[in-house]
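As structure tokens, the structure follows; a few thoughts come after it.
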Ligand SMILES: [Zn+2]
């Protein structure tokens, strides 16, 4: 609704009805509903002139409508943040509300990170989620991403391969791209070390991480690599990236059965039953 629409609507809402008639007092029109003036006198160039104004109930209505508009704009802004920030659509539903409670200790840490986000951001504290495949690292990271986005914080959740592909697709604008990532208060890189990369691409990924380091902006990284590998990489090509990550991120270990394998086995069981007796 535009401004004129709001004013029209307000005027209608405050029209005198059978229950409350507007009346005049000391020459000014008074609202019969709230008994405050709908007119005021202002001195213009030495003469007193009468102008229409909002009575108490009209201005309350006006404020309520403004608040409604603000809330809708905020809702739309958060929708845009989520579309831009969470590149894998399926992660949009990975929230604390949808947690199945299998990793209570870890999820408690994720929630604490969110609740103390201001402090985490100020002190540039990131997380390194490491451990075996299928132990809930990506779920942990996505819950943080969704929680912060819901509160209007710009977060980008992407993965190592997607980042390198995005950089590869650019010719000269790589620095611009790296700079554009600064607009995200939190950067989450899923699946670090998942694929062998060329020296050049590793250099670019290093630049991204280094840029966050220099700007004091936090980073969350997930990896299936053991912490010992991050601390002492067997391939020297990765050492610059890993040592920055160690400087910026607090390691959190994930262990337990492979959830993906469990889900796959359940599906397999179902399929077996379906085809049994054929
Ligand atoms: Zn009124």
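Annotations for the structure displayed:
- If you check 169, 142 for being touching a helix residue (DSSP H, G or I) at 6+ places or on another chain (Cβ under 6 Å) and at negative phi, only one passes: 142.
- Check on residue 168, over 22 Å from residue 113 (Cβ atoms) and touching a residue at least 12 places away in the same chain (Cβ under 8 Å): yes
- Checking 245, 188, 178 one by one, the residue that is touching a residue at least 60 places away in the same chain (Cβ under 8 Å) and either assigned to a loop (DSSP other than H, G, I, E, B) or surrounded by 14 or more Cβ atoms within 10 Å (Cβ to Cβ) (or both) is 245 and no other.
- Every residue from the stretch 95-133 that is at positive phi and in contact with a strand residue (DSSP E or B) (Cβ under 9 Å, 6 or more places away or on another chain): 124, 131
Matching residues to (1) assigned by TED's automatic domain parsing to the domain that holds residue 223; (2) part of a helix (DSSP H, G or I); (3) modelled with pLDDT of 90 or more:
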{"position": "100", "(1), (2), (3)": "yes, no, no"}
{"position": "124", "(1), (2), (3)": "yes, no, yes"}
{"position": "127", "(1), (2), (3)": "yes, no, yes"}
{"position": "142", "(1), (2), (3)": "yes, yes, yes"}
{"position": "145", "(1), (2), (3)": "yes, yes, yes"}
{"position": "153", "(1), (2), (3)": "yes, no, yes"}
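- The strands (runs of 3 or more DSSP E) found wholly in the stretch 27-69 and carrying at least 2 residues that are within 13 Å of the ligand (Cβ to nearest atom) and out of contact with any helix residue (DSSP H, G or I) (no Cβ under 9 Å at 6 or more places or on another chain) occupy 28-30.
Conditions tested, residue by residue: (1) within 38 Å of the chain's Cα centre (by Cα); (2) more than 30 Å from residue 150 (Cβ to Cβ).
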| position | (1), (2) |
| --- | --- |
| 52 | no, yes |
| 59 | yes, yes |
| 63 | yes, no |
| 69 | yes, no |
| 78 | yes, no |
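The values are calculated or read from the model by the stated rules, or taken from the named source; none is laboratory data. The model shown is predicted, which means the values in this text are computed figures rather than measured ones. Quick reminder, even Gly has a Cβ in these numbers, built from the backbone with ideal geometry, and neighbours come from all protein chains shown.
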